[in-house]
Structure formats: structure tokens, C-alpha cells
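Engineer: Dropping a structure here in C-alpha cells format, bear with me for questions.
The values are calculated or read from the model by the stated rules, or taken from the named source; none is laboratory data. Keep in mind it's a predicted model, so treat the numbers as computed, not measured. Counting neighbours? That spans all protein chains shown, and the Cβs are built from the backbone with ideal geometry, glycine included. Ligands, DNA and RNA are stripped out before the accessible areas are found, and what is left, the full protein with its side chains, is counted by its heavy atoms. Shrake-Rupley method; radii C 1.70, N 1.55, O 1.52, S 1.80 Å.
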Amino acid sequence: MKFGILVNEGPFNHQASDSAYQFTWAALQKGHEIVRVFFYHDGVNNASNLSEPQSDDRNLVKLWSELGQEFDVELMVCVSAGLRRGLTEENLAPGFELSGLGQLIGAGIDSDRLIVFGD
Amino acid sequence: MTDETPEEFEDDEYVGVVKKFMFINRKAPYGSIYGHEMQETILISTAFEQDVSVVFMDDGVFLLKKGHDTATINMKNVSPAYRAFKGYDIEKLYVERESLDARGLSPNDLLVPVEVLSATELGDLMEQQDIIISA
């Protein structure tokens with residue numbers, strides 16, 4: 001099946017990003033296709049390379065980054081939501097890219113299911 | 001009202017594919033950014049010529065309440081944008097009756113004409129959608 005993923009919350013404050021990551025990883029393991037992961041609202045903070053969690057905690061930014069690169073999954077961050085929260089090309093973690101909201105609608109059109117992870 | 005105009009995203013790639021998109025607003029304005037940022041998504045979706053409906057339920061019904069005055073809280077009034085929806089051919093606006101009742105509101109308190117549906121009717125409508133985006 002082709003899944004689109006929408007992440008509406010930032011890392012750590014809510015479980016949404018963890019759940020989205022685990023769902024995405026599990027779907028890929030089962031051979032499903034991830035059309036795109038789109039980060040919106042505070043979800044854009046998942047893409048910040050300034051994030052430095054303590055070493056005994058999970059590093060969500062790094063996990064998403066690695067997943068994106070290993071499985072060639074598009075990790076797209078809404079540019080206007082990102083700029084509003086101080087996220088620019090300069091502090092974008094590897095594998096993420098800034099893009100317009102049209103990519104979220106496109107993910108809905110191109111996938112069989114769009115799964116929303118939020119508060 | 002939005003930094004991105006829908007025109008920027010017009011793309012021949014999607015011509016002819018029409019899905020039912022439903023956007024659900026569940027949170028009050030100003031307490032969080034969800035309603036405001038959801039407006040941007042809804043407006044962008046019009047560039048893709050999809051079958052769009054917008055729902056207001058729970059505290060999300062306050063987004064449509066007449067008379068927002070944000071002067072003293074240093075925030076932009078988000079409500080005029082809903083009046084502009086008609087100009088973008090976003091005409092399917094639904095409000096959950098139970099949410100209005102629980103908050104002592106009636107359709108007369110709202111900025112724009114909407115269709116008021118019961119939770120059950122709204123559930124049936126949700127079942128017909130291809131994509132549901134809620135926040």
C-alpha cells in the first residue's frame with residue numbers, strides 16, 4: 001500500500017513524532033511504500049539539526065534523517081511553518097527539505113492512505 | 001492571510017485526479033496555531049481542484065464565531081479568512097450541532113453560512129472521504 005504521513009507535532013513534547021516514526025519504519029519493513037512524510041505545525045521541529053537530546057534518550061531528528069536516507073523517503077517540511085519557527089536551509093538535518101504545502105495535498109492525492117499524527 | 005498563493009502550486013501532474021479531502025478544525029483560535037495554519041492548507045488545496053469540505057467541531061466552532069477582537073492580545077484576527085473561502089470555491093462548510101449546543105452557540109452566531117450536521121451525520125460524511133486532515 002502507498003502511505004502518506006503527516007506529522008503535526010514536534011519531537012519530545014508529544015508522542016506524535018515517535019508514533020509516526022515507528023509506523024513509517026514498520027510500514028517500510030513490511031514492504032509498503034511511503035509516498036512522503038510531511039512535517040507541519042510544530043512538526044517542522046523534527047527537522048532541526050540544532051536538536052541535541054541527552055545521550056540516553058532517543059534522537060528523533062537523527063532517526064528521521066537516517067530513515068529518510070536509508071529508504072529514500074521524502075521528508076518534506078512546510079517552508080512557511082518552518083520559517084515562522086526559525087527553521088531554515090541552514091539548520092535543516094540531512095535528508096529533510098523545505099517545500100510548500102502543495103506537497104501535503106500531493107501526498108494525499110498520490111497515496112492510498114494519508115495518516116495524520118497529531119495531538 | 002497566507003504567505004503562499006495557491007497559484008504557485010498549480011501542477012498539471014494532478015489534472016483529472018479528484019479526491020474527497022476533508023479538513024477538520026477541532027481547536028479554538030488563538031490558544032494554539034492549528035486553526036490558523038489549517039487555513040493555509042485549505043487554501044492551497046484549492047489549486048489542486050479537489051473535492052474539499054471543511055468541518056468545525058469541538059472548540060473549533062469558535063473559529064467561526066462572529067466578533068473576534070484580537071486587538072488586546074497582539075494576534076492577527078484569523079476569522080476574516082473564512083469569509084474569503086467562498087472566493088476560492090470552498091463552499092462545503094460543516095459544523096457539528098452537538099459542539100454548538102454544548103457551547104451555547106447557534107448558526108446565527110457564526111460568520112459565514114454553514115451546514116449544521118449531527119455527530120452521526122458528520123460521521124457518515126467522514127466515511128465518504130478519501131483524505132481527512134484534522135488538527
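Engineer: Please state which of the following conditions A:E90 fails to meet, knowing it meets all the rest: (1) in contact with an Asp or Glu (Cβ under 9 Å, 6 or more places away or on another chain); (2) acidic (D, E); (3) surrounded by fewer than 16 Cβ atoms within 10 Å (Cβ to Cβ).
Structural biologist: Evaluating A:E90 over (1) in contact with an Asp or Glu (Cβ under 9 Å, 6 or more places away or on another chain); (2) acidic (D, E); (3) surrounded by fewer than 16 Cβ atoms within 10 Å (Cβ to Cβ) leaves (1) as the failure.
Engineer: A follow-up question, please. How many residues does segment B:70-93 hold that are open to solvent by less than 30 Å² (accessible area, probe 1.4 Å) and closer than 23 Å to B:Q129 by Cα?
Structural biologist: 4
Engineer: Looking at segment A:23-61 only, could you name the residues that are more than 15 Å from A:G118 (Cβ to Cβ), open to solvent by 60 Å² or more (accessible area, probe 1.4 Å) and not small (G, A, S)?
Structural biologist: A:W25, A:Q29, A:K30, A:H32, A:E33, A:N49, A:L50, A:E52, A:Q54, A:D56, A:D57, A:R58, listed by residue number.
Engineer: Looking only at residues that are in contact (Cβ under 8 Å) with a residue 12 or more places away in the chain, under 23 Å from B:I42 (Cα atoms) and open to solvent by 20 Å² or more (accessible area, probe 1.4 Å) in segment A:62-85, which one is nearest to the chain's Cα centre (by Cα)? I'd like the intermediate steps shown before the answer.
Structural biologist: If we filter segment A:62-85 for residues that are in contact (Cβ under 8 Å) with a residue 12 or more places away in the chain, which is where we start, we get A:62-69, A:71, A:73-82, A:85.
When the remaining residues are screened for being under 23 Å from B:I42 (Cα atoms), the result is A:74-82, A:85.
After this cut, where a residue has to be open to solvent by 20 Å² or more (accessible area, probe 1.4 Å) as well, the list is A:74, A:79, A:85.
Details: A:E74: 9, A:V79: 13, A:R85: 16 Å.
Here the residue is A:E74.
Engineer: Filter segment B:12-41 for residues that are within 7 Å of another protein chain (Cβ to nearest Cβ), out of contact with any Phe, Trp or Tyr (no Cβ under 6 Å at 6 or more places or on another chain) and modelled with pLDDT under 95 and give the result. I'd like the intermediate steps shown before the answer.
Structural biologist: To start, the set of residues in segment B:12-41 that are within 7 Å of another protein chain (Cβ to nearest Cβ) comprises B:14, B:17, B:19, B:21, B:33-34, B:37, B:40-41.
Then drop every residue that is not out of contact with any Phe, Trp or Tyr (no Cβ under 6 Å at 6 or more places or on another chain), which leaves B:17, B:19, B:21, B:33-34, B:37, B:40-41.
B:V17 - this is the single residue of segment B:12-41 that is within 7 Å of another protein chain (Cβ to nearest Cβ), out of contact with any Phe, Trp or Tyr (no Cβ under 6 Å at 6 or more places or on another chain) and modelled with pLDDT under 95.
Engineer: For segment A:69-119, how many residues meet the condition of being at the interface with another protein chain (Cβ under 9 Å from one of its Cβ atoms), part of a helix (DSSP H, G or I) and among the polar types (S, T, N, Q)?
Structural biologist: The total comes to 2.
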